[in-house]
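Please treat every number below as a calculation from the coordinates, not as lab data. Bear in mind that the values here come from a model prediction, so they are computed numbers and not experimental data. Reconstructed Cβ throughout: ideal geometry from the backbone, glycine too, with neighbour counts over all protein chains shown.
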Amino acid sequence: MIFTKSAHTVFFLYFLSIQTEELQAFHLHPMSPTVTSSRSCYTAESSSYGRTIATTTYPYDTHCHGPTRYFIPSRSLSVRPSSSTSLNGVLNTAVLSASLSATAKLLSSIGIGALATPVGPKQFGNILDSSAVSALSKLTYWLFQPCFLLCGVASTLAKACSGTGGLPTSALMVLPLAALVQISLGSLAAKCITTKKFGIRPLFLGIDIDDDAGASDIQMCTTFANSGPLPTILSDALFRGELLSDVAACISFYLLVWSPLFWSLGKIILGLNETDNALSANGTSKVSKVVRQVKSFLSPPVIGSLMGIIIGSTSILRNAFLTPGAPLAPVFGAFRTFGVAYLPAAVLVLAGSLVKKDASTTDSESKDTKSSSSVHPKTIISLLFSRFILSPLLALTTVRLLLGANLLPVDNARTLAVVTFTLLMEGCMPPAQNSVVMLQLADQKVRAAKMAKLLTVIYALSSIPVTLLLSGCLGMSGILNVIV
């Protein structure tokens with residue numbers, strides 16, 4: 001079980017993060033950009049992908065706090081190449097320490113949550129059992145996450161529309177398009193990996209050549225990553241204040257496309273749409289079919305993000321919800337209160353889902369379940385390759401394509417760094433947990449058990465690659481250079 005298998009990893013990472021305490025809290029002492037001064041201005045260079053993306057000219061009246069300058073940016077920017085390499089940014093001590101600290105915080109949180117599961121000591125109550133995880137998961141999906149996304153999107157758009165900060169709306173609208181590109185590339189790659197040709201399935205995936213269900217599970221894990229809770233948790237460990245809000249808003253806009261595609265295309269990949277088609281063919285009207293399709297796209301997180309867009313971009317609603325003392329300000333405050341519960345609840349759901357005892361079964365059921373839900377080592381290796389080597393390369397390809405199409409905000413160093421970091425981070429996450437939920441809802445218990453076992457192993461082994469990849473995201477995006 002993950003609690004015992006990853007315990008050494010948790011404490012090893014935690015120990016290293018303590019040894020670099022001065023650098024791990026970089027949101028308090030951020031890495032200063034490369035600065036050249038004159039009598040009237042400062043010029044800061046923001047590097048990304050091994051070259052300088054933008055040179056930003058800042059006014060001379062900067063604010064100093066200790067060794068770090070906090071700049072008030074102007075709009076004088078230019079794009080020019082640089083000879084620096086992205087490897088230097090990735091191997092930077094501050095970058096490695098920051099990603100190490102974030103991963104250690106995540107693993108420590110999961111470890112603490114695991115103490116309350118049936119696997120943990122009895123002194124902690126063993127209250128985080130399967131029923132508690134199920135109830136908490138529903139609360140997170142239907143209430144906490146929509147409120148979190150609503151507040152984050154609304155606040156970011158309100159700042160952008162009022163000119164008081166935040167990311168430009170045009171930059172945020174790139175995220176849904178990028179999500180579509182990344183998912184499409186991932187789906188295409190998954191199709192190639194799970195093909196029946198050339199004996200790939202038994203040779204590299206560890207499944208029979210005619211095991212379409214097993215191939216579909218691998219294809220699902222390759223196509224869809226954990227694009228909501230885990231990136232938000234890691235961002236919370238990395239950043240603070242306005243930068244955290246901007247990254248959370250980018251994740252929210254990314255989910256506008258990811259979530260509908262997950263619950264629609266995901267069913268097609270897993271072969272569960274045949275059940276839906278059979279149900280819809282049994283005397284249901286066309287209106288019911290349309291309603292079912294709309295519901296599959298409008299999940300609660302998507303609705304929360306859409307409500308945030310409407311509130312943040314409409315002046316009347318923005319003044320009614322976000323202005324202190326406004327009539328609906330208490331309602332927005334209530335949304336924010338429930339949204340604060342999202343990250344703790346997501347961590348507990350993650351801990352409870354990965355750390356659990358096997359349910360008691362009869363001897364015959366136990367033999368059948370073990371034989372049908374066993375995971376081949378080749379399957380694990382292939383998924384580690386697809387999620388932590390292939391998917392990051394596809395994410396980098398997506399950013400390159402958007403840069404080539406002039407869709408990324410290259411004229412704004414800070415916005416470019418935030419958007420780039422979000423896109424790269426989304427491509428470095430382990431598979432989506434909700435794949436198990438989707439199989440359970442379709443009454444595919446054996447496949448759900450196998451998927452849960454597979455994800456448990458993948459998540460247990462993902463701490464080191466996620467730490468290294470997160471360092472790459474921080475270094476290549478240049479986001480540490482534009483922290484204000």
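Brief remarks follow.
- Per-residue 3J(HN,Hα) values for the stretch 317-328, derived from phi via the Karplus relation 6.51 cos²θ - 1.76 cosθ + 1.60 with θ = phi - 60°, read 5, 4, 5, 6, 9, 9, 7, x, x, 6, x, 9 Hz in sequence order (x marks Gly and Pro).
- Tensor-based shape of the stretch 415-484 (alpha-carbon gyration tensor, a/c under 1.5 rounded, otherwise prolate or oblate): prolate
- Kirkwood radius and radius of gyration were both taken over the C-alpha atoms of the stretch 102-149, and their ratio Rg/Rh is 1.06.
- Packing order of peptides 234-242, 158-166, highest average first: 234-242, 158-166 (average count of other Cβ atoms within 10 Å over each peptide's residues).
- For the set LYS105/LYS450; LYS196/LYS295; LYS295/LYS450, the pairs lying more than 30 angstrom apart at their alpha carbons are LYS196/LYS295.
- Only Cα sites of the stretch 188-267 enter the Debye sum here, all with the same form factor; the resulting log10 I(q)/I(0) across q = 0.23, 0.25, 0.26 1/Å is -0.98, -1.07, -1.13, listed in q order.
- Considering the stretch 212-255, its Cα convex hull presents a mean projected area of 3.5 nm².
- What the Cα atoms of the stretch 153-209 give is an Rg and a Dmax of 20.5, 58 Å.
- Based on alpha-carbon atoms, the Kirkwood radius and the radius of gyration of the stretch 283-344 give Rg/Rh equal to 1.17.
- ILE310-LEU403 FRET efficiency (beta carbon distance; Förster radius 30 Å; 0.05 resolution): 0.50
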